Amino acid sequence: MSYKTLGGKVLMSPRLLQLLITDDKETSIVVMNFIRSIVELSGLLHIAENDICCFLDELVYKLTSTSDAIIGRSATKTVNALAEAESRVVHLLNRRFIGLKPLLKRWQFKGFQPELQKLLSFLTAESAAVTEEQEYHAAAVVIQSTFRGYKTRQMLHRAEKALSSLQRKYRETKAANMQKKLADQQQRALQEQLVASRQLALRNVRNKHLHYIGILPAGALDKYLEGREFEAATKIQSVWRGRQERKKLDSRYKDAKVVKAVIIIQQAVRKWLARKRTERMRRLFLWPHLSDEKHVQLQADILRWREQHPVYLSQLRFLFIYKMFLHLYTRLIILNLMNDT
């Protein structure tokens with residue numbers, strides 16, 4: 001005998017129904033948990049409709065008559081297990097217990113809201129497929145609400161971040177403006193202080209001159225005023241000349257830069273020409289160092305060439321060539337000495 005058949009025999013036993021009908025709380029809870037375990041394990045294929053109706057009648061009676069949340073929760077779970085195991089239970093619930101839905105509202109907020117909502121969905125559905133579709137729809141609603149909540153939280157986080165950045169920028173700009181305003185105020189105060197000090201100095205100078213004029217004798221007054229006029233004229237002329245020189249300073253600076261650049265270019269050109277001239281003189285007059293054997297061989301070659309190609313020169317022509325040779329040889333020695341130093 002298989003465990004499904006054995007489970008069906010247990011569920012059809014009248015003793016099990018008697019244990020379920022008892023008024024003892026603990027016994028009722030144990031029996032309902034036992035029924036739920038058997039139904040989840042073996043199903044209701046071998047159970048007659050009358051037996052299912054007996055179980056449903058007793059479970060619904062417990063839901064509508066008792067006020068104990070533990071019994072109500074256990075009865076709700078058991079009814080849900082029966083409805084999930086067999087589609088006939090959904091039809092029996094909708095046909096036999098038409099007014100059950102309003103009575104179940106008193107179990108709301110008692111600690112088993114998900115199980116109660118599931119039972120209410122079975123009562124409003126016509127079949128188990130519709131109930132499953134409703135569960136899928138409810139799951140989709142939960143997923144969509146969760147996703148919308150996630151997107152909303154992300155948007156709020158970005159908005160808070162942008163708002164904090166905007167506030168920080170505003171505070172920084174405000175602080176910079178305040179600092180600039182304070183700096184401007186300090187600058188204006190300093191300028192006013194300088195103007196006031198200058199006016200005070202001028203006033204003191206005038207008072208000093210007036211004091212001098214008051215203590216001077218009448219004969220020295222004209223001389224003193226002429227000296228003051230001369231000093232004033234000298235001061236005005238020096239200020240004017242300084243202004244004119246400062247106006248010419250930019251042009252002089254530019255001219256000085258041009259002159260300096262020209263001097264640098266000329267120096268570079270002269271150095272380059274001197275190097276080229278030195279190289280040319282080296283190529284023309286720099287003889288390699290010869291050994292004694294090579295020197296004797298070259299003299300012998302020269303004598304042989306002269307014997308083979310005699311040339312008759314006058315005394316003046318010979319002296320001219322000799323002087324030119326001495327001059328070039330002297331320049332060669334000087335160049336060698338300069339290179340050695």
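Where in the chain lies the longest segment free of chymotrypsin sites (Phe, Trp or Tyr not before Pro) that are both loop residues by DSSP (not H, G, I, E, B) and have at most 14 other Cβ atoms within 10 Å? Don't jump to the answer; show the numbers that get you there.
Details: sites that count: Phe109, Tyr312.
The answer is 110-311.
Taking every full run of DSSP H in the chain, the ones that stretch at least 27 Å from end to end by Cα along their long axis and average 0.5 or higher on the Kyte-Doolittle scale are 315-340. For the chain, the orientation-averaged shadow of the C-alpha convex hull comes to 72.1 nm² (one quarter of the hull surface).
When the listed pairs Lys9/Lys118; Lys118/Lys151; Lys25/Lys105; Lys77/Lys105; Lys276/Lys323 are checked against a 19 Å cut-off, the alpha-carbon distance exceeds it for Lys9/Lys118; Lys118/Lys151; Lys25/Lys105; Lys276/Lys323.
Of all the accessible heavy-atom surface of the chain, with the other protein chains kept in place and a 1.4 Å probe, what percent is carbon and sulfur?
Answer for the chain: carbon and sulfur cover 60 percent of the accessible area.
Please report the equivalent ellipsoid semi-axes of region 143-264, computed as sqrt(5 x eigenvalue) of the Cα gyration tensor, largest first, in whole Å.
69, 31, 6
Put a plus charge on the Cβ of each Lys and Arg, a minus charge on the Cβ of each Asp and Glu, and nothing anywhere else: the dipole of the chain about its Cα centre is then about 3920 debye.
The values are calculated or read from the model by the stated rules, or taken from the named source; none is laboratory data. Computed from a predicted structure; not experimentally measured. Neighbour counts run over all protein chains shown; Cβ positions are idealised from the backbone, glycine included. Side chains included, ligands, DNA and RNA excluded: accessible areas come from the protein's heavy atoms. Shrake-Rupley method; radii C 1.70, N 1.55, O 1.52, S 1.80 Å.
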